[in-house]
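Take a look at the structure below.
The values are calculated or read from the model by the stated rules, or taken from the named source; none is laboratory data. Only a predicted model underlies this, so the values are computations on that prediction, with no experimental measurement involved. Note that each Cβ is placed from the backbone with ideal geometry, even for glycine, and that neighbours are counted across all protein chains shown.
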Amino acid sequence: MFRIERDRHLSKLKRQGIISSWSDGDIALGTVWRRQMMSHLDIAQIILLLISTDFMASDFCYSLEMTRALERHKANEARVLPIILHPTDWIGVPFAALPVLPKEGKAVTH
């Protein structure tokens, strides 16, 4: 749901050729998904972390994707923007030092 809404908001910038977007929903059938995920993560200039209880519970999202995203952020290779989608306990996690959206860390859904 949020990915579809995000794509709607970014459609003008996509049409103008200013940005392109990619998400795990774009993985083709039969593709080695993990390699493709990490490959796109390694070339992204802006990485949105869509924070939810599912994100926090996923070992892949939390341990691999987030860790790599934060490494690239620290190296000034990418900008990481955590977006709090659902109320979840994110205080004290590695991305907590970054500015989060919405402001004050309030979830998009309450």
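This table checks each residue for (1) modelled with pLDDT of 80 or more; (2) exposed (fewer than 11 other Cβ atoms within 10 Å of the Cβ); (3) over 22 Å from I84 (Cα atoms).
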{"position": "R15", "(1), (2), (3)": "yes, yes, yes"}
{"position": "I19", "(1), (2), (3)": "no, no, yes"}
{"position": "W22", "(1), (2), (3)": "no, no, no"}
{"position": "A28", "(1), (2), (3)": "no, yes, yes"}
{"position": "W33", "(1), (2), (3)": "no, no, yes"}
{"position": "I46", "(1), (2), (3)": "yes, yes, no"}
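Taking A78, is it surrounded by 15 or more Cβ atoms within 10 Å (Cβ to Cβ), at pLDDT below 90 and in contact with a strand residue (DSSP E or B) (Cβ under 6 Å, 6 or more places away or on another chain)?
Against the criterion (surrounded by 15 or more Cβ atoms within 10 Å (Cβ to Cβ), at pLDDT below 90 and in contact with a strand residue (DSSP E or B) (Cβ under 6 Å, 6 or more places away or on another chain)), A78 does not qualify.
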